[in-house]
1. Report, in degrees rounded to the nearest 10, the 0 to 90 angle that the Cα long axis of helix 299-313 makes with the longest principal axis of the chain.
2. Using a basic spin-label model with each label point 7 Å from the Cα along Cα→Cβ, how many nm lie between residue 572 and residue 399?
3. Starting from the 7 Å offset along Cα-to-Cβ, what nm value, one decimal, do you get for the label separation of residue 627 and residue 389?
4. List the residues, sorted by chain then number, that are 5 or more residues from residue 777 or on another chain and whose placed amide H is less than 5 Å from its amide H.
5. From the residues 585, 676, 116, which one has its Cα farthest along the dipole of the chain in the positive direction, the dipole being from +1 and -1 charges on Cβ of Lys/Arg and Asp/Glu about the Cα centre?
6. With +1 on each Lys and Arg Cβ and -1 on each Asp and Glu Cβ, how big is the dipole of the stretch 576-655 about its Cα centre, in debye rounded to the nearest 20?
7. Quick one: go through the stretch 746-769 and flag any residue whose amide nitrogen is under 19 Å from the point 7 Å out along the Cα-to-Cβ line of residue 795.
8. Any idea what angle helix 271-289 forms with the longest principal axis of the chain, computed on alpha-carbon atoms, 0 to 90 degrees, nearest 10?
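Values quoted throughout were computed directly from the atomic coordinates according to the rules given, and no laboratory measurement underlies them. Here the structure is a predicted model, which means the values were calculated and not measured. Here the Cβ positions follow ideal geometry from the backbone for every residue, glycine too, while neighbour counts run over all protein chains shown.
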Amino acid sequence: MNNTKKLLGKMTIEEKAALLEGVDSWNTNAIPRIGIPKLFLTDGPHGLRKVRTANGGFSVADNEHSTAFPTSATVASSWAPDLAFRMGEAIAEECLTEEVDVLLAPGVNIKRSPLCGRNFEYYSEDPLVSGIFGSAFVRGVQSKGVGVSVKHFAANSNENYRFIGDSVVDERALREIYLRAFESVVKETKPYTVMCSYNRLNGTFASQNKLLLDTILRDEWGYDGVVMTDWGATCDRVEGVLAGCDLDMPGGVWHNRKSVIEAAKSGRLPMDKLDQAAGRMLKLIDRCTAKRPKGGYDAEKHARLSCEIAQESAVLLKNDGTLPLKGSEKLLVIGEMFEKMRYQGAGSSLINPPKVITPQNAFDRRGISYVYAKGYRCFYTERDDGLEQAALEAATHADTILFFGGLSDFEESEGFDREHMRMGDNQTELLRALVKTGKKVVLVLFAGAPVELPSWEGLSALLDMYLPGMYGGEAAAALLYGEATPSGKLTESWPLRVEDSSCYADYNRSSVSRYYESIYVGYRFYDKSGTSLRFPFGYGLSYTSFQYGGLSVSEEGGSIQVSADLTNTGDRDGSEVVQLYVSSNTSNVFKAVKELRAFTKVFVPAGETRTVTLTFKKSDLSYWNVKLRRWVLENGTYDICLAASAADIRLTAPLNVTDAADTASPYSSGVADAYATPPRSIPSCFPELVGFPVTETHSGSREPLTLESRLSEFKRSVVGRILYAAVMNVVQKEYNKALAMPDSLERDTRLKNSHFVVKMMPSNSIRSMCMSSGGKFNYQMAIGFVELANGRLLRGMKAFLNKDRPQPLPADQ
Ligand code: BGC
């Protein structure tokens, strides 16, 4: 397999085309005639999800056992990238055992809105945090000889429109925010593969976006690995290959393979382009199959690692001294999440762990004495009078109430976005009533993203476990009882209400997402607009306290070194996350008030002092100049701020840059004025900012249906309604089957995943359904349905009767 050129010379066009697409949901095509093996690729990112039976493009329900680690949103709250590295190593060991070649992870998309259903799978609203965690994870996985697929490239910020949507983003926001984490992961770790997203970026689908895949990823960043599509993201396959997208997944779409063959024969796809893509696939196969270490792993050790990560990542958001619990409390525990902890998200990242440790298991193992009242039921948001009354009655005998609550997979999941930031009424109303009793109420939260907290003032403490993985209950108990000291901090801002969020005026309004807030994402927006938040970015409490002092700044060879002394002034050992932000005071262009440039997490024993040192490159202070199309470092004065959160700056020192350029602003006065402070609505100069007129790319309700129409739009016609009903019937049946199962971990898993598919399916485009069906819903059928749904019966029938069937390769016969 060493000589790519030689192999390419032996391959027919048909074989090369086959190498560029997947088969059976998770494999690449083998070419047995010349000894090219197949690869197995699967999800990611919070553990290994290997389906037991391949039964379609998504196959989400029936997976081999593996470790369910905390989700990425949780892991990042540890601010300890070495944990992401160790998690990557552990998952890779499981991949080796299950003979998986490429893990479809990590996701390094930026959290644009708190409503994105998939935020639990992403690290942060900040590109530095996302890039550092993404890189650490990739290094961990690849250190064991297993490949990764860094996803979803790029600007995939919502789920509702992911199959058809267009993310319209100005080039500066793209470079500074949405591409930056990808850039650092690609440059620093050389990932085996990159997965492009479903959406369009500035009008062109990511799967055929030459600017993204060729100019930026390969030419500028020097990437030489494979680019694959997300599952069903192909639109025009030949355009895809021309743009630098090598592998079509899950594949099995004859139309795509045939169009590549025909284009190669006609010259539309030059042979060197086909060879480049096939060559990259051969190199990937080589990398994955060369000298792989043996499989086998200690499942309990991995589960304990998941617990350690959960413990390091939980964020203490409020505490009036009630925590840690002493053990002498008259304790009432409320909330079904106590016994049915939510520990992971739904969708393609869903893991099937061999066991979980719920908070109830962990409490019982410790012999903690408590009274338990369910109070509400997970998976539902409606109030239950009986359960509420029983909980309130039990509260009269308690002095401390632990309320286990959060979001369910019905509210937050891959495939659809949240409509609001609230928790279910059944939880918020009961919490309100409990707070009113005047007892101490501690909220222990399980959710992958920020929620509104209506009873906030009355809470004694709030411990946010995020989605803590399979042993999350053990981590929660250890933190609640002070066996461990909380040390996580938020890697996203928590707005008070969704209306305050930075992209509220645009988010999920239509298939065209206008990223009108430009670079003002997350704290960059809230800082500068002066928006009050529930919790700022970087916020988190401890059972101890830290003092910062003795700041010093030095510069050497383009690198800035910042040191300070950190003293643990409390009576408990603990870790502190120190954040380094830099403000630019004299810029020619609009900028955020400050931006995170470095961070570190330091363990300091009680009463002791440690010196912390953080470094960053002076060039990191550059902004992307849209006229010069390059990074520009400006002369001027900057402030270096060491902080405990984005709203808690402890030490500041000036930094003067004098050896850079003096560059004029690339912006017109109209744009500069509109963006001097973050806009709260879409400014009229937005087209000027992005550099082109912005129009809806998706057809309106009067336009004929096309392959790009969503399944739900097909309800407009009789034939469409039949198609819609047929598809929804199949997925609904799975959901009903799960509903009918007896209460168990397996029922919960099946329920949430079939619910994910039921919710996602109507927003799927006919094209993407066809592209992800592995050939079952073939291209001619898709065309046929569109024609029939538009009332063009003859054309529809002709498409259905089309006899164009996949041609096997010689070796397949
Ligand atoms: C998801 C990807 C995932 C793929 C395979 C897609 O729907 O967006 O993240 O890797 O399915 O399961």
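1. Taking Cα atoms only, the helix is inclined about 60 degrees.
2. Each label point lies 7 Å from its Cα, and together they span 1.9 nm.
3. 7.3
4. none
5. Working it through, the farthest residue towards the positive pole turns out to be 116.
6. Here the stretch 576-655 has a charge dipole of around 420 debye.
7. Under cut-off, by backbone N: 766-768.
8. 50
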